[in-house]
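Beneath this line is the structure, given in structure tokens, with notes to follow.
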Amino acid sequence: MGPLDIPKAAIGLSLRVAKLPFDAAGMLLGSSQADVERERADALREAARAQSEIAQEERREEAQAARQRREQAAQREREKKDEAAKEEEARKRRAAAAEQRRKQAAEKAAAQREEVIEAKSKRDELEALEAEQAALNRREAALTAADEAERLEDATVRAKERRKGA
């Protein structure tokens, strides 16, 4: 029952109560069976009309409630779609950020590998230069020793010649 059902029922009841003295007077005055039937038919017609109005009002209220439920459901659906779109956008942003971090990590790892390779290359080059320097030092020492040996041999030969010539 809606808020208007009680007033309509009260109106219908009050009409019947208002008619009651007239019905009683008609019965006391000896109204005919046709009058009684007519009155009964009028009362039934009035009751049917009141019930029809109540039913129409209930249908309107039910239609209004159904319309509100549809609007609320549509609103909830829009909100769900909006929320899903926001979540999808956030997921895409997180995926893009993760991809960016992976790229940066890969670039950093590549740079570190390059630094390691470059450092190893420099170490190898330094070792090769040191080895070459050591070889040059040994060669120089050998040449110095050979020169010294030759000088000593020349000095020995001169000393022998001086002794022979002396």
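The values are calculated or read from the model by the stated rules, or taken from the named source; none is laboratory data. Only a predicted model underlies this, so the values are computations on that prediction, with no experimental measurement involved. Don't worry about glycine lacking a Cβ; one is built from the backbone with ideal geometry, like all the others, and counts go over all protein chains shown.
Brief remarks follow.
- Checked against the criterion of being surrounded by 10 or more Cβ atoms within 10 Å (Cβ to Cβ), at pLDDT 90 or above, touching a Lys or Arg at 6+ places or on another chain (Cβ under 9 Å) and part of a helix (DSSP H, G or I), the candidates GLU61, GLU57, GLU71 yield just one match: GLU57.
- Taken across the range 148-157, residues that are β-branched (Val, Ile, Thr), modelled with pLDDT under 90, at negative phi and surrounded by 10 or more Cβ atoms within 10 Å (Cβ to Cβ) do occur, with at least one present.
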